[in-house]
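Below: one structure, written as structure tokens.
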Amino acid sequence: MSGPALHLAVELDGDGSHPAAWRRAAHSPDQLLTPRRVAGLATVAENAGFTLITLDDGVLPPGAAPDPVGRIGAMERAAFVAASTSTIGIAPVVPVTYAEPFHVSSQLASLDHISAGRAGWVVTEEESPEAARVWGRPPVADADARVRESRDGIEVVRSLWDSWEDDAVIRSVATSRYLDRDRLHYIDFTGETYAVKGPAIVPRPPQGQLVVLGRPDQVPAGQLDVALIAGRDPVAIATAAASAGTPRVFAEVEVALDTPDATGAERVADLARYASWTDRGRLRHVGSADGLVAALDGLSRHVDGVRLHPLVLDEDLPLLSRLVLPALSERRLVARPLPGTSLRSTLGLARPANRFAAAAVLEETR
Amino acid sequence: MTRTDPLDVPRPHAQLHFGVFFQGVNHWTIWSAPDSGSQIDPASFRRVAQTAERGLFDAFFLGEGLRLREVDGRIHDLDVAGRPDAITQLAALAAVTRRIGLVSTSNSTFNEPADLARRLSGLDLLSEGRAGWNVVTTDNAWTGANFRRGGYLDHADRYRRAEEFLTVARTLWDGWDDQAVATSVHAPAWSVPGAVRRVRHRGAQFDVDLTPTLPRSAQGHPVIFQAGDSGEGRDFAARNADVIFSAHGNDFDDALGFADDIRARLRAAGRPEDDLRILPGTEIIIGATEEEAQEKKRWIRLQQVTPATALGIAGLLWGIDLSDRDADGPLPADDPVVAENDGSFGARRIADQRAVVAEWRAKAEAHGWSLRETVIALGPQRGHVGTPSGLADKFAHFVRHGAIDGFNVTPYLIPDGLDDIVDLLVPELQERGVYRTEYTGTTLRENLGLREPLTQRSARDRRQAG
């Protein structure tokens with residue numbers, strides 16, 4: 001592929017990937033859910049030169065009862081961040097296990113318009129049966145059923161994005177027509193558990209299709225632009241990357257860097273007093289910034305990008321910004337997104353043809 | 001109109017509140033003019049919201065329609081269409097505005113309370129207390145075809161569902177006490193023990209069990225807007241809403257009648273009669289002179305009511321497809337076909353088609369009007385036309401006599417359609433003392449001059465009684 005060897009994404013939810021990250025945050029808990037905090041973090045990531053921000057989410061509050069931690073919906077944060085930044089990609093996490101795909105499609109298409117083509121979508125699952133109680137729906141209990149809901153949901157969302165052709169708004173004064181209805185399409189989706197008619201109520205997103213990211217064990221490769229793959233070591237990651245079958249592959253990497261005040265290991269040990277760092281089977285770098293640069297250099301031979309999960313955002317993000325990204329940039333391993341460039345372009349992905357427009361042309365030439 | 005002595009009126013100190021409705025559908029938005037901007041570009045939304053904020057408007061308001069409109073089974077192609085998801089767009093606007101309220105129209109039939117309450121809470125927190133929710137209901141299976149939950153509600157159930165939806169949403173918004181979040185990283189827990197309550201609701205419409213995800217915002221709850229005009233809708237508003245939109249804002253007596261009716265319903269619901277802001281939807285056309293304003297109105301109506309739109313509006317009245325007729329010719333000689341309107345167009349049900357057609361024929365004949373001229377003159381009407389000072393006198397009279405609390409203005413042009421109102425009308429209103437000269441609060445609730453949320457009042461009353 002052209003472009004830099006490695007794209008760097010960073011997960012910016014809450015105070016970091018450790019459940020007790022808030023204990024080491026530079027702000028008090030009551031400052032977490034503020035616009036200043038949400039925009040401030042995104043600005044740091046954009047200025048650092050990251051390709052993409054992801055924002056985790058789910059209907060259940062993070063933090064276990066009786067100590068729930070508050071979380072603003074990822075879609076709302078993403079839209080707010082999109083209006084506060086100019087070049088970085090933004091991908092909220094949105095599960096479609098229970099959500100209405102029609103709404104999800106509208107929201108994501110809107111995010112792409114708001115960000116002028118910088119939007120992505122991280123597909124996850126609502127695994128807990130408690131999520132069903134939040135939605136007031138029967139639980140989607142087993143793994144196969146959750147995969148089915150994600151698959152159908154993505155199919156509906158993607159079809160709706162194509163249900164307006166790019167030039168459906170014609171503004172023909174001569175015929176008094178604002179729309180060309182031949183360039184609008186019913187999707188007529190019928191799955192195992194529901195059906196959706198269409199067309200969308202939002203015009204086609206600027207990117208045509210947003211960049212869709214997800215785990216290959218949860219989402220069919222054909223529906224993904226970017227596979228997010230775990231693996232405890234580079235060999236496991238290389239193996240998973242080789243078999244992902246998606247246009248792009250990003251490795252999941254958790255980081256706890258040495259700071260001037262404490263080593264990464266000391267920081268992890270400090271937070272272990274409150275909770276353990278959730279093990280998700282991901283590669284974990286606990287140590288120096290130089291060590292992380294070397295590790296990422298090594299990974300760049302196997303994957304197109306890495307999504308970093310900092311232990312504590314307020315501690316690790318400044319070091320990533322000051323030390324890690326500049327060193328990678330110096331080695332020409334990473335490049336910051338160019339102004340005015342869509343996320344797809346930055347990732348070297350083509351703008352997809354519209355499935356319905358393509359069909360219509362076929363029909364005409366037959 | 002003569003200026004009234006401001007002290008010799010029912011509400012000498014009443015203030016007008018303005019909202020702006022970025023409509024995104026319907027023929028009122030002109031798309032054919034050279035300065036008709038994009039209906040989806042974020043710059044259009046930013047421009048309108050920031051202009052409204054410059055004019056000290058209370059609220060920026062987005063509509064919602066969950067299916068593209070159709071006529072006779074085909075997508076309606078004459079009017080602007082294609083708009084962003086309201087809450088998503090408003091969350092973006094929260095980043096580029098500081099004081100104006102951000103109001104989302106969101107459907108209580110095709111959403112679930114925990115999800116929507118959370119989205120609105122997120123908007124409320126990101127805007128630091130400027131979120132509003134315009135509660136709308138739908139019952140038709142036609143819209144339901146876009147949703148996994150499926151179609152349909154019994155017509156009678158749509159307000160039942162809306163009311164129970166609102167009850168669940170309010171319980172969730174009250175699920176965190178004020179100051180529920182720790183103020184130090186050394187606190188025993190992220191949230192104050194006992195300050196976050198699990199919500200279990202089992203009712204006819206909803207059965208949910210969850211811990212709400214978000215604390216209360218600076219305004220307690222998002223401000224509730226409602227627009228139903230039926231008796232049922234008005235009662236719903238009187239029990240639940242903070243602001244009601246109406247179609248009763250053109251004629252003073254009609255507006256006053258509506259306002260008096262709402263005040264009576266508020267009293268019946270046990271609320272103070274100043275507990276609800278009444279903001280009719282309107283269009284405001286301004287000219288330097290009366291003649292110029294009338295000339296501008298004529299130009300605007302010709303843009304709005306194109307030949308095809310005139311045939312479409314007449315077709316609804318006649319109940320037959322008139323799209324192949326000549327809009328600039330005489331009225332159709334056909335008899336109207338009275339049929340059950342399936343509502344899919346979103347059109348008002350016309351009470352007595354034959355009588356209306358007869359009236360149109362008589363007037364068209366008397367004035368020598370073409371069909372298009374007739375539609376412009378007698379079709380759907382709205383709005384105020386005049387000079388800045390004339391309109392300011394009129395609106396001061398309306399608000400001081402309790403006929404309205406303000407207007408929800410739909411600009412006929414996007415994105416520049418508010419400029420005249422902000423630059424020319426607002427200063428005249430300020431001079432008359434009926435419009436603020438700076439924002440009076442930081443939240444939407446404060447700027448509208450509203451009391452605290454209803455459930456929090458009742459909780460306080462219970463505490464005081466106990």
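Laboratory data are not the source of any read-out in this text; all were calculated from the coordinates shown. Source: prediction; values computed, not measured. In this analysis, Cβ positions are derived from the backbone assuming ideal geometry, glycine residues included, and neighbour counts consider all displayed protein chains.
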query: Per the helix-only calculation at 222 nm, which mean residue ellipticity applies to the protein assembly as shown, given -39500 (n - 2.57) for every DSSP H run of n ≥ 4 and division by its residues, nearest 500 deg cm²/dmol?
result: -10500 deg cm²/dmol
Distance from region B:38-80 to region B:273-294 (C-alpha centre basis), Å: 19 Å
task: Quote the FRET efficiency, to the nearest 0.05, computed for B:Ser458 versus A:Asp279 with a Förster distance R0 of 41 Å and r equal to the Cβ-Cβ distance.
output: 0.30
- prompt: Which listed residue (B:Leu90, B:Ala227, B:Trp173) has the Cα farthest towards the positive end of the charge dipole for chain B, taking +1 on Lys and Arg C-beta and -1 on Asp and Glu C-beta about the Cα centre?
  reply: B:Trp173
- prompt: If you put +1 on each Lys and Arg Cβ and -1 on each Asp and Glu Cβ, how big is the dipole of chain A around its Cα centre, in Debye rounded to 20?
  reply: 700 debye
message: Debye calculation, C-alpha points only, no solvent: report log10 I(q)/I(0) for region B:1-157 at q = 0.10, 0.14, 0.16, 0.21 Å⁻¹, in the same order as the q values.
response: -0.47, -0.84, -1.00, -1.34
Peptide-level mean, for B:62-74, of C-beta atoms on other protein chains within 10 Å: 2
field: Whole-percent pair-distance distribution, where bins are 20 Å wide, for the alpha carbons of chain B
entry: 22, 56, 20, 2, 0
DSSP-assigned coil residues among chymotrypsin sites (Phe, Trp or Tyr not before Pro) in region A:273-366, each with at most 14 further Cβ atoms within 10 Å: A:Tyr274
query: For chain A, taking Cα atoms only, what is the radius of gyration to one decimal and the Dmax to the nearest whole Å?
result: 21.0, 72
field: Local net charge near A:Arg118, Cβ-Cβ under 12 Å (Lys/Arg +1, Asp/Glu -1)
entry: -1
task: Run down the aspartates and glutamates and flag those whose C-alpha is under 19 Å from the C-alpha of B:Lys363, throwing out any fewer than 8 positions away in its chain.
output: B:Asp326, B:Asp328, B:Asp334, B:Asp335, B:Asp352, B:Glu373
- prompt: Over the Cα atoms of the protein assembly as shown, Rg to Rh with Kirkwood Rh, two decimal places?
  reply: 0.98
query: So if R0 is 22 Å, what FRET efficiency would A:Thr175 and B:Asp334 give, r being the distance between their Cβ atoms, rounded to the nearest 0.05?
result: 0.40
message: I'd like the antiparallel share, as a percent to the nearest 5, of DSSP beta bridges with both residues in chain B.
response: 20 percent
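At most 13 other Cβ atoms within 10 Å plus a DSSP loop assignment makes a site exposed; report the longest stretch of chain B without any exposed GluC sites (Glu not before Pro).
With GluC sites (Glu not before Pro) excluded where exposed in loops, chain B gives B:1-339 as its longest stretch.
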Cα centroid of region B:386-416 to Cα centroid of region B:196-223, whole Å: 37 Å
field: Shielding by partners, peptide B:212-219 (average Cβ within 10 angstrom, other chains)
entry: 4
- prompt: What is the log10 of I(q)/I(0) for region B:196-318, computed with the Debye formula using one identical point scatterer on each Cα and no solvent, at q = 0.21 Å⁻¹?
  reply: -1.16
- line: Among A:Gly214, B:Ile376, B:Phe407, the residue whose Cα sits farthest towards the positive end of the charge dipole of the protein assembly as shown, when +1 is placed on the Cβ of each Lys and Arg and -1 on the Cβ of each Asp and Glu, is A:Gly214
- request: Please state the charge dipole magnitude for the protein assembly as shown, taken about the Cα centre, from unit charges on C-beta atoms (+1 on K and R, -1 on D and E), reported in debye and rounded to the nearest 20.
  value: 1240 debye
query: How big is the gap, in Å, between the Cα center of region A:18-40 and the Cα center of region A:296-366?
result: 26 Å
message: Let me confirm one metric for peptide B:117-126, namely the mean number of other chain beta-carbon atoms within 10 Å of its residues' beta-carbons.
response: 6
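Quick check on the protein assembly as shown: of the DSSP beta bridges with both residues there, what percent are antiparallel, nearest 5%? Before the final figure, lay out the partial values.
Details: 14 of 82 bridges.
Around 15 percent antiparallel, to the nearest 5.
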